[in-house]
1. Mind telling me which of the residues T41, T36, T23, T66 ends up being farther than 30 Å from S156 by Cβ, of a type in the set (S, T, Y) and at pLDDT 85 or above?
2. In the set R61, R54, which member is at pLDDT below 90 and either in contact with a Gly (Cβ under 8 Å, 6 or more places away or on another chain) or more than 30 Å from M232 (Cβ to Cβ) (or both)?
3. Tell me yes or no: at least one residue of segment 105-116 is at pLDDT below 95, touching a strand residue (DSSP E or B) at 6+ places or on another chain (Cβ under 7 Å) and not in a helix (DSSP H, G or I).
4. Just give me the residues in segment 167-188 being farther than 28 Å from L149 by Cα and not in a loop (DSSP other than H, G, I, E, B), in sequence order.
5. List every residue pair whose Cβ atoms sit under 7 Å apart, with the two residues 6 or more apart in sequence or on different chains, where the first one lies in segment 272-283 and is closer than 16 Å to D134 by Cα and the second, anywhere, is among the charged types (D, E, K, R) and surrounded by 18 or more Cβ atoms within 10 Å (Cβ to Cβ).
6. If I go through segment 145-160 residue by residue, how many of them are under 16 Å from R275 (Cβ atoms), part of a loop (DSSP other than H, G, I, E, B) and either at pLDDT below 70 or hydrophobic (A, V, I, L, M, F, W, C) (or both)?
7. For residues that are at pLDDT 65 or above and under 24 Å from L181 (Cα atoms), tally how many sit in segment 203-213.
8. Just to confirm my filter: which strands (runs of 3 or more DSSP E) fall fully inside segment 221-297 and include at least 1 residues that are in contact with a strand residue (DSSP E or B) (Cβ under 8 Å, 6 or more places away or on another chain) and among the aromatic types (F, W, Y)?
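The values are calculated or read from the model by the stated rules, or taken from the named source; none is laboratory data. The structure presented is a predicted model; accordingly, all values stated were derived computationally and were not measured. Here Cβ is always computed from backbone atoms with ideal geometry, including for glycine, and neighbour counts include all displayed protein chains.
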Amino acid sequence: MDDRDGTRADWDDIKAFVAAAQTGSFGAAARRLRTTQPTVTRRIDDLEYRLGARLFDRGLRGVTLTRAGELVFDRAFTMQRASADIERLVLESEGPEAGGKVTVAMPEGIGGYLVGPELADFMREHPSIHLALDCGHDSERPMEAHVDLSLQLTPSGEPADLVSVPLATLHYALFASRDYLDTYGAPTRLDAAAGHRFVYHAAQDGSKGGRKTEAFVELTAPALKVNSSAAMLHAIQGGAGIGAIPTAILPMAPDLVMLDIPPLASATLWLCHHRDAIRSTRVAKVAEWLTQVFDAKERPWYRQEFVHPEEFATWSWPAATRRA
């Protein structure tokens, strides 16, 4: 049986086709649509099969439209413009202060120490938006349907309608309390830390924590393993041992001291959402606010390059810290 009988082209296939026609390559189309090149290739192959026509000539330097492709492009581009008009009308109908619930998922440490101190300002500015923070999010699980936005340390893969945008970089360095260092000394090399007590998070097991973190765990005899960022931070503050935590937490825990050892690992924090979710005014406002919270221009601890905590004092600190 011919699957083309009675089958209409998928709208996502049309968008992939238009993007490829405008950019001249499947790779560039994938970057524009924030998806992968194999996904774009698959969508265009499916569209050509359904239409029973070859739409592109493939070459080493990219793709060009065939005669059939040119005919399809004129109509597809008109469809895309109409779709954009519909989205604009819907957004305008919501109004600038459209309210409602927005669910944001994130790991516990990010929610408690990086996002939590900023919530009061957002709530004062947008009283009609009701935030729901899910701080039990596991980045290795697929993003759940009820979640509007997700902060995670790995980009979303499937399903194909998920969008992942790099938001910030977290640098994991070794910290300890002043009391601990005064009592046991401060190692300046990884191999010198073998005799020290190490506190670490279960998420730092194996390759997830980076090669240096894995090597450090092998060198030391972990005194405490936790699955809670709050428990880990408070244990280190209390002198339980040395631990690898993001330098971004330091403004909330200025009593900690970074060891004179380069960061063990760096990780990208991603803002993820279903493609359609961001079209909602209230979700877009929360996404914009999160982008400001993790603005590396204002807060150097989120930069791709490592900035030592000694330089933090010359920059803007989180709102809750400034009020303290």
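1. T66
2. Of the residues listed, the single one that is at pLDDT below 90 and either in contact with a Gly (Cβ under 8 Å, 6 or more places away or on another chain) or more than 30 Å from M232 (Cβ to Cβ) (or both) is R61.
3. yes
4. L174, F175, A176, S177, R178, D179, Y180, L181, D182, T183, Y184
5. Listed pairs, sorted by first residue: H273/D148; V283/D148.
6. Residues that pass the stated criteria total 6.
7. Here the count works out to 1.
8. Hits in segment 221-297: 265-274.
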